[in-house]
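Below is one structure; the comments refer to it alone.
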Amino acid sequence: MPVALSQSSRWFARPLALVVAVLLIVVFAIGIFGFRYWQERQATTFASERNDEVLETLDRLKSVIADVEAQRRGYLLTLDPTYLKAYGVSDESVRRDTQALQALVANDPLQSHRAEHLALTVAEKLREIDDIVKTARTSSGSAALAMMRSLDEIRSQLDQMVDHERFLRVDVDRRGAMLERRKAWFIAAAVVIVSALAAVALALARLEATRRRKAIAENLALHGDLEARDKKIRRLVDANIVGIIIWDLDGRILEANDEFLHMLGYGREDLASGRLNRTDLTPAEWRDRDVRTVAELKQMGTVQPFEKEYFRKDGSRVPVLMGGTVFEQSRNQGVSFVLDLTERKRADEALRRSEERFRTLVHFSFDVYWETDAQHRFTHQEFAESLADGPAPGSEIGKTRWEVPYLEPDEEAWRKHRETLDAHLPFRDFELARPGPDGSRRYVSVSGLPVFDETGRFVGYRGVGRHITERRRAEEALRAMQAELAHANRITTMGQLTASIAHEVNQPIAATVTNAEAALRWLSAQPPDLGEVRNSLGLIVKDGKRAGNVIGGIRAFINKVPPRKDRFDLSEAILEMVALTRSEVLKHRILLRTELAPGLPGVSGDRTQLQQVILNLILNAIEAMSASDKGARELRIDTEREVKHGVLVTVRDTGPGLDPGDVERVFNAFYTTKPEGMGMGLAICRSMVEAHGGRMWARPNEAGGAVFQFTLPLVRDETAPSESPAAQATGKTTP
Ligand code: ADP
């Protein structure tokens, strides 16, 4: 503002100065002209006066000459000496006037020359006249005439001079008149010019005055503004919201508010004593930064906010944010704000630590940390480093939980999960399979907690995911191994059985063969010995019966082995077998459903044997279904309570099924339709069930496939049904 003002004042001042200068020049010119006019006027006056004197002198000379002529002529005509005395005219006075005339016209060369000539003529003629007078003895008219002639010459010279003077006089008068005229014009012009210039100067002076008045008013307003600003700054300083210091570039702190002093633990007296110096307050490693700051302040006048540290009075350090600027008036001093960052740094540090802890937690406990919004869209996902095959960071942000691809979605489980999410309830260990980058399955177990804001509004979920692929694989491998083992067990059992059967049966068969060969030999003898043949055949029949007895004995042996009597939960035992065969079920894409009656009383018996029965039925069903191409493969295991027989277990499949004629045959030992089959499984199963006091049978399934059922008696004293954990599994579908 002051800059603009001074510029405008110069702009206005310039023409005024010009006008004043012109005015002065005009006045000066007028002075010069006036002086010259005065000089000329003087010269004219002088010339006029001299002219007058010359004419007067000439007149006097003329009258003197006339007197001289009258005196001499009277004398010459009368010779009366009184004539000479009566006029009293002397030659001396003529000479004096002539000299006076010479002096008067000394400046005029022509007149001067004439005057000189006149003087000479006068002197000569007066002498001649004196001579005539002295020599005249008689009155003589001729002498008088001669004298008059002499005087005429003088008179003629005088006339010449008078004429010249008169001519000069005219010139002088003309010059005088011209000067007068010029004076009038000059005065008029001077008056006009001076008045015009004076008017312009006046106008400009008034403009200048107005401008000055305005400038003063503006200055006053500015001053008021500055004062108001000053007050505001003072208030800011006194408010002690931030530390404020006034310093000089040498490092001295000239002024500081309470906040700054408080921040550093100093008092007013420390400030007053001049002990506070910016450099001393700055730790050594920050001094470089200070030097740069000073350089920046010198160059730019201001320094952008930056972080540094100060020493407190007690020697501890305080982290601060500061920025500053130098004063406009004195570039050596300036003001800075200083903000205490201790709290912020502490909070930052706490946050950083908390994040580190959180990361460690995620790193070691979970593989994924996720957040969703109220619409179940992922807003944040963090994958552990170990999850090298996780999705690209951010690739799933914005997608809902339903839009992220999952494998083998279990409709029922998803529906329930969705309900949980929509009800904003927490959930635990929800297991999902998702495609890995190589197309393999990645199993994740997800848990989440709903998040509500302070008003109680649901804002989303926060949760973790655990990568359970390895665990799943291990479990599946274990199951497969157990199944293999079960198979192997079965085969081993069968093998042992077969070995003993082979051993027992081998002998009668070997004997049969020997006897048959002997019989053939007796028949081919000449003549054949029929008695021996009969004998041999009799032995063959005996051995055949012995072999049959061996088989019967084995069955009887199995039946006779008294089963162990444990009390156990049948549903639990069934579910264990379901879990054991899970990988087989999955492998052959079979849907296995269980419908287990809730609250069944315990079953008494050999848990392992009965599990073998169930396992055998499940494996048979899987084998039957995997061998056929018939539509949907479904395996269902139901249990239900029967008043008469206790509990009824049904295993139903959708395989090729059984012919009505085969329903009993399948239970025969060694009956098999499989190339690798033993045909002993069902026979042994029936024996085991019967050994437990139950019954076992088979029938075709109405919907296609086979149904195998068996009953088991329940523990007699158990009347009140107990809630078994497996009861919750009712209706559960295991994909
Ligand atoms: P293996 O399984 O060694 O053949 P099993 O005694 O278990 O011996 O079965 C005897 C036969 O009964 C099988 O070969 C098969 O022909 C028939 N069978 C068993 N279970 C089923 C089933 N679920 N569906 C159709 N046929 C079956």
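Tabulated results
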| item | result |
| --- | --- |
| Rounded to 10°, Cα long-axis angle of helix 91-104 versus longest principal axis of the chain | 10 degrees |
| Around GLU53: net Lys/Arg minus Asp/Glu count, Cβ-Cβ under 11 Å | -3 |
| For ALA177, net neighbour charge (Lys/Arg +1, Asp/Glu -1) across residues whose Cβ lies under 13 Å away | +3 |
| Whether the range 320-453 is rounded, prolate or oblate, judged on the alpha carbon gyration tensor where a/c under 1.5 counts as rounded | prolate |
| Relative pair counts by distance (%), Cα atoms of the range 29-86, 5 Å bins | 5, 16, 13, 10, 8, 9, 7, 8, 6, 6, 4, 4, 3, 2, 0 |
| Globularity index of the range 117-231, i.e. its alpha-carbon radius of gyration over 2.2 N^0.38 Å | 3.08 |
| Residues with amide H under 5 Å from that of LYS399, placed H, sequence gap 5 or more | PHE378 |
| Inter-label distance, nm, simple model (7 Å from Cα along the C-beta direction), ASP662/ARG353 | 7.4 nm |
| For the range 453-468, Karplus couplings with θ = phi - 60° (6.51, -1.76, 1.60), whole Hz, Gly/Pro x | 7, 5, 8, x, 7, 6, 10, x, 10, 10, x, 10, x, 10, 7, 10 |
| The chain - percent relative contact order, Cα under 8 Å, separation 6 or more | 7 percent |
| Per-residue ³J(HN,Hα) for the range 285-291, Karplus 6.51 cos²θ - 1.76 cosθ + 1.60, θ = phi - 60°, Hz, x for Gly and Pro | 6, 9, 5, 4, 4, 5, 4 |
| Extended-chain gain in nm, criterion 0.36 nm per residue less alpha-carbon gap, SER273 and ILE216 | 16.4 nm |
| Residue-averaged 222 nm ellipticity for the chain, from DSSP H runs of 4+ at -39500 (n - 2.57), nearest 500 | -20500 deg cm²/dmol |
| Check: the chain dipole with +1 on Lys, Arg Cβ and -1 on Asp, Glu Cβ, in debye | 380 debye |
| Candidate aspartates and glutamates for bridging to LYS399, where Cα separation is under 12 Å - those fewer than 8 sequence places away on the same chain excluded | GLU371, ASP373 |
| Computed log₁₀ I(q)/I(0) - Debye formula, equal Cα scatterers, no solvent, the chain, q 0.05, 0.11, 0.12 Å⁻¹ | -0.69, -1.23, -1.31 |
| Tail beyond 24 Å, pair distance distribution of the range 225-382 (Cα, percent) | 47 percent |
| For the chain, with +1 on Lys and Arg beta carbons and -1 on Asp and Glu, the positive-most of TYR369, LEU24, TRP286 along the dipole | TYR369 |
| Candidate aspartates and glutamates for bridging to LYS545, where Cα separation is under 19 Å - those fewer than 8 sequence places away on the same chain excluded | GLU504, GLU517 |
| Of LYS62/LYS125; LYS232/LYS345; LYS587/LYS630; LYS630/LYS674; LYS313/LYS345, pairs whose Cα-Cα distance is over 23 Å | LYS232/LYS345 |
| Two-decimal log10 I(q)/I(0) for the range 199-274, as the Debye equation yields it once each C-alpha is a single scatterer, q = 0.27 Å⁻¹ | -1.14 |
| Rounded, prolate or oblate (a/c below 1.5 giving rounded, otherwise prolate when a/b exceeds b/c) for the range 66-157 by Cα gyration tensor | prolate |
| Whole-Hz ³J(HN,Hα) from phi, Karplus 6.51 cos²θ - 1.76 cosθ + 1.60, for the range 696-701, glycine and proline x | 9, 8, 9, 7, x, 7 |
| Sites LEU254 and ASP373, calculated FRET efficiency, Cβ-Cβ separation with R0 51 Å, nearest 0.05 | 0.40 |
| Which of HIS117, ILE129, MET625, positive extreme of dipole for the chain (C-beta unit charges) | MET625 |
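Here, each number is a calculation from the coordinates, and none is a lab measurement. What you see is a predicted model; the values in this text were computed from it and never measured. No Cβ is skipped: glycine too gets one built from the backbone with ideal geometry, and neighbour counts run over all protein chains shown.
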